[in-house]
Each structure stands twice: as structure tokens, then as C-alpha cells.
1. Determine whether G122 is small (G, A, S), assigned by TED's automatic domain parsing to the domain that holds M371 and in a helix (DSSP H, G or I).
2. Identify, please: which residue in region 59-75 is under 29 Å from D263 (Cβ atoms) and among the aliphatic types (A, V, I, L, M) and is, among those, modelled with the lowest pLDDT?
3. Identify the single condition in (1) more than 21 Å from L59 (Cα to Cα); (2) free of Cβ contacts under 8 Å to residues at least 24 places away in the same chain that N244 does not satisfy, given that it satisfies every other one.
4. Considering only region 210-218, I want to know if a residue exists there that is assigned to a strand (DSSP E or B) and buried (at least 24 other Cβ atoms within 10 Å of the Cβ).
5. Only one of L157, L152 is touching an Asp or Glu at 6+ places or on another chain (Cβ under 7 Å), surrounded by fewer than 24 Cβ atoms within 10 Å (Cβ to Cβ) and assigned by TED's automatic domain parsing to the domain that holds S188. Can you tell me which?
6. Looking at region 269-294 only, could you name the residues that are surrounded by fewer than 24 Cβ atoms within 10 Å (Cβ to Cβ), closer than 11 Å to E365 by Cβ and polar (S, T, N, Q)?
7. Among the residues of region 224-231, is any surrounded by fewer than 18 Cβ atoms within 10 Å (Cβ to Cβ) and under 20 Å from T93 (Cβ atoms)?
8. When V193 is evaluated against the numbered criteria (1) within 20 Å of G227 (Cα to Cα); (2) out of contact with any Ser or Thr (no Cβ under 7 Å at 6 or more places or on another chain); (3) surrounded by fewer than 24 Cβ atoms within 10 Å (Cβ to Cβ), which criterion, by number, is the only one it fails?
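The values are calculated or read from the model by the stated rules, or taken from the named source; none is laboratory data. What you see is a predicted model; the values in this text were computed from it and never measured. Here the Cβ positions follow ideal geometry from the backbone for every residue, glycine too, while neighbour counts run over all protein chains shown.
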Amino acid sequence: MDRTEILRCLHTAQSCHAHNSKRRIVRFQQSGDYERFLHEWSKLYANTASPQAVRHIPLIKAFSLPISNAQPSLKLPGSIWTEDDSQVTVHATVYKPAARDKGIPWGVQEIKAPLAWSLTTGHRIKVGVIDTGIDFGHPDLKHSITRGINLLNRAALPHDDNGHGTHIAGTIAAANQLQGMIGVAPRSTIYPVKAFDQNGSAFVSDIILGIDWCVRNRVDVINMSFGMKTRSKSLLNAVTNAYNAGIIIVASSGNDGKRKSIDYPARYPQTIAVGATNRLRRIAPFSNRGLYIDIYAPGDKIFSSWLRGKYNEMSGTSMATSHVSGAIALLLAHKPGLSPGDIKSILKRSMMPLRGTKTPRLIGELDVLRMLQAVDR
């Protein structure tokens, strides 16, 4: 790829308007092409006021850039390929604001997390939450969070303007038992990664940048309570890189009630795919299900932290995923050094059979006590 082609791509991207363009991920298979593109991009965007038009994705040697709808195809060498930079959405439904419900939410009780706290509380385990950000002022979270990153505005903290990320963080690591709520792993640390906007929407490139940040900051677990219907090679590559770095990735399966299909990235084998159950220990009607699911966890009418120090009740496979991420934090603090493959195996052989299922040995709900017993055997 010569300099003229690179400059044409970059100038076209810079002049594109949001309303008449769509984003594409351009990925380089040859390091020489990538280095040349990176060099020209760095020179062009060094002093620009809007660097977000073209996003550098170093984890997979790629860039995301807008392409005009009038010219949807890029003429690039065969060693460079492109795919849509698709939009991804969070996996939850807001039910209603909830009054302060002191103590331990039903989902945390259901998975038997409190019975494990004499052995492990998740101390020093880093959980990256790629989501809408976090309410830094929430009294139940102030001892459980670190600075994190805001990928939508690098100059700002990852403040939550939606609520979903704060809800997820509360289930994982809330630590205010006397006056508020307590999460699954109350001494783990949340690393908030804001990749989603106030509508709970993000581009695949935002997710990959979030994974990249988590890899570079050596988190132990990544919580991905979101999904999309289409497969992305770029996202798979990023997930694989994190998996190979020893990071456990927990992903929600989706809320379409499908019996034989789940959303990406949960469908990738490198992730732990989570479905949702209700108080009756049955699969929640909204949850996707089937052979792609690795484990189920409470996800129906889950009480957790919300914006402005408040609380909310939400349902979704998002909520189930946060229970599993917290449980893995407990496991890693108790038994450091377990690989992603080890942890998936331990979860699957220690799960509690669900009610109302025809294949109880293949389908089960998270049980923290059984999980810790399985790793100690």
C-alpha cells in the first residue's frame, strides 16, 4: 500500500459526515503496510481537533474509519481486509427503581457466595467491566473501583450516563453491607472501561480498544454484558489475544429467548457464555439457551446499584454474567494461576442442575461452594 493510497483513505475518512457514512475496520496482514499507515495517520492526526474520525486499534493492527455510503467499497490490496464496524448493545432491560434493600441481593444468596466469604472475598482480583462506565460517587462502590478509562472521551473519567455499568459493577463487587448492598466478590477491584454511550450502544472497535486496555493493564477477568448477532473476525482476534494472555472473558448470551443460538462474543469458544435463571431456578424466558451456553446464573429482577447513589432492579443475561464474573474473582483469589480453560472446566463440572430441564447434566446454575470444592479436589 503506497503513500498516495494511505493519504486518500485518511483524507476521505476525515471529510466523512456521520449521517451519510458507516464505519469499517481496516486490518493489515503485512506489518509493513500497517507501519506505513500508522506513520501517515500519526502525522496527519498529531494536531487535529477530531482524532476520533480514524481510530487506531493496535491490539489487532487495524484502524476503524468512516466510509461514505456513496462509496461503500474500499479498493485496497489483497493483504488488507475490511469488515463493518458494527454496533453492539448491552443485554438488559430496566424494570423499575428499587428502594434501598440492605444486605445481600437474592442472586448473590442463590449462588451461595456468602458461604464462601470465610475462604475468599476476591481480594486483589482485577475485573475489567467493558460497559457504560460507573457511578464513582455511589457509596456501595467507592471502595471497589479504580480510575479505569473512558474510550469515548479520553480526557474524562469513565462516568456512567446510562446506569447499566453501575448495575453490573454492584453485583460483582459492591461492598457496603451495613448501609447498602454487597456483591459477589466484595474485595475485588472494578476497572471500569467506558466503551458504551448513554444509549447502551458501542462500535466493535470501541470494544476491541477496551479489550486492548484490559490486556495492557493486566486485569484478571473481563465482564462483557453485551452482544451482537453477527460474527466479527476483528472481535474474535481481540478476544483470542486476551484469552492467550490468560484473561478470563465472561460474556452474556442475549435476551431473545432463542433455543439454539446465542449472541457474539459469547458464542466464541474463548469466552464463558452465560444464560439467565429466575428465582425458581429455571431458565428465564427471555434468556437465550442451548449447547453454546456454558453456565447459567441469576438474571431476573436483579437488585443492584444505580446512578446518583440509587438502586435499580434489572433483568437480562447481563445481570447473570456479572454474577459469574464475581464468582471467578472469588475463585482466582482462592487459587491463583488458573487458566481460562481451567476455570471454564471447573464451572461446568461444579454447576447445580436446573429445574425443568431434560438434560440436567449438561445444563446447570452457578454454585460458588461447589466451584471452590471442585478446585480443591
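1. Criteria not met by G122.
2. Here the residue is L74.
3. Answer for N244: the failing condition is (1).
4. No: zero hits.
5. L152
6. Listed by number, the list holds a single entry, N278.
7. Within region 224-231 (the criterion being surrounded by fewer than 18 Cβ atoms within 10 Å (Cβ to Cβ) and under 20 Å from T93 (Cβ atoms)), the answer is yes, since at least one residue qualifies.
8. (3)
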